[in-house]
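Here's the structure we're looking at; comments come further down.
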Amino acid sequence: MVKGNKGKIDNLGRIVIPKSIRKALDIDHNDDISMFVENNQLIITKGYKNCDICGNKNVNIQLKDKFLCSKCIKTIKSL
Ligand SMILES: [Zn+2]
């Protein structure tokens, strides 16, 4: 486990991911990441989260541990 770090969110909502964490996740500037909330915690993962139903890269909603795109949300609403 990588040691946690404290930080602040700036006035534009940005945070700095400490070097030790970037190194542990093997991420660098311009890499794709996904952010989501789980159990009231911010989770940042390497790469994009795709829709869990169709695989679409444009995820709009997280529902518990599932990620859904707008097309699948529309389909579910129409059922
Ligand atoms: Zn979908």
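Just so you know, all these numbers are worked out from the coordinates, no wet-lab data involved. The shown structure was predicted, so the numbers you read here are calculated from the model rather than taken from an experiment. Methodologically, a virtual Cβ is constructed for each residue, glycine included, from the backbone with ideal geometry; neighbour enumeration extends over all protein chains shown.
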Within the range 48-79, residues surrounded by 12 or more Cβ atoms within 10 Å (Cβ to Cβ), in a loop (DSSP other than H, G, I, E, B) and more than 10 Å from the ligand (Cβ to nearest atom) come out as 48, 49
(Q) Given the condition touching a residue at least 24 places away in the same chain (Cβ under 8 Å), assigned to a loop (DSSP other than H, G, I, E, B) and on the phi < 0 side of the Ramachandran plot, answer yes or no: does some residue in the range 4-16 qualify? (A) no
Every listed condition ((1) farther than 28 Å from residue 77 by Cβ; (2) under 14 Å from the mean Cα position of the chain (by Cα); (3) outside any loop (DSSP other than H, G, I, E, B)) holds for residue 24 save (2)
Scanning the range 40-58 residue by residue, the ones that are over 21 Å from residue 14 (Cα atoms) and either of a type outside the set (Asp, Glu) or in contact with a Cys (Cβ under 6 Å, 6 or more places away or on another chain) (or both) total 8
Flagged pairs (Cβ under 7 angstrom, 6 or more apart or on separate chains; first in the range 51-67, closer than 16 Å to residue 38 by Cα and free of Cβ contacts under 8 Å to residues at least 40 places away in the same chain; second more than 9 Å from the ligand (Cβ to nearest atom) and in a loop (DSSP other than H, G, I, E, B)) are 59/49; 67/49
